[in-house]
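Here the structure is laid out as structure tokens; the discussion comes afterwards.
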Amino acid sequence: MTGWSNLILEAFAEYLKAADPRTPSTEVLAQWLIEKLSSPPRNNVDRVVHCEMAMLRTGRDQVEQKLKDVVSGQKDFSAYKFTGKSASGKRLLRSLYEYCLSYDSQKWSRFVHNLKASDFNRRSVGN
């Protein structure tokens with residue numbers, strides 16, 4: 001599964017790079033998985049995702065409300081739950097999630113690294 005995991009992580013990384021940088025990476029992951037699992041597999045990455053992962057929906061009323069929220073402009077993917085169909089699927093999903101956390105941490109580190117001491121003076125804080 002290691003070879004497939006790397007291939008899938010690379011595919012997601014490309015998708016993440018193209019996403020709006022203001023969107024949290026876990027939201028981007030949810031959107032990517034929804035897209036992959038909602039359409040027929042077109043390539044090996046899609047086939048592995050379909051084979052290893054499942055997308056579950058919450059209760060019908062909650063889904064309808066969440067979809068209304070999405071249509072009205074609010075992005076909330078909590079109407080969906082993703083799970084691995086097998087131990088390897090769970091590891092793959094965990095790897096994708098940890099990649100997201102690492103990606104956001106790296107973005108934050110770059111942001112902090114680029115700050116200067118003068119960025120913390122009283123006027124810039126709003127006092």
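Of note:
- Within segment 36-64, residues that are farther than 21 Å from residue 4 by Cβ and in a helix (DSSP H, G or I) have Cβ atoms under 8 Å from residues that are at pLDDT below 75 and not polar (S, T, N, Q) in these pairs: 62/79; 63/57; 63/79, counting only partners at least 6 apart in sequence or on another chain.
- Residue check, residue 14 of a type in the set (D, E, K, R), at pLDDT 95 or above and surrounded by fewer than 16 Cβ atoms within 10 Å (Cβ to Cβ): yes
- Some residue of segment 76-93 being under 23 Å from the mean Cα position of the chain (by Cα), modelled with pLDDT under 85, among the hydrophobic types (A, V, I, L, M, F, W, C) and surrounded by 14 or more Cβ atoms within 10 Å (Cβ to Cβ): yes
The values are calculated or read from the model by the stated rules, or taken from the named source; none is laboratory data. Everything numeric in this text was worked out from a predicted model, so none of it was measured. Neighbour counts are summed over all protein chains in view; Cβ atoms, including those assigned to glycine, are modelled from backbone coordinates with ideal geometry.
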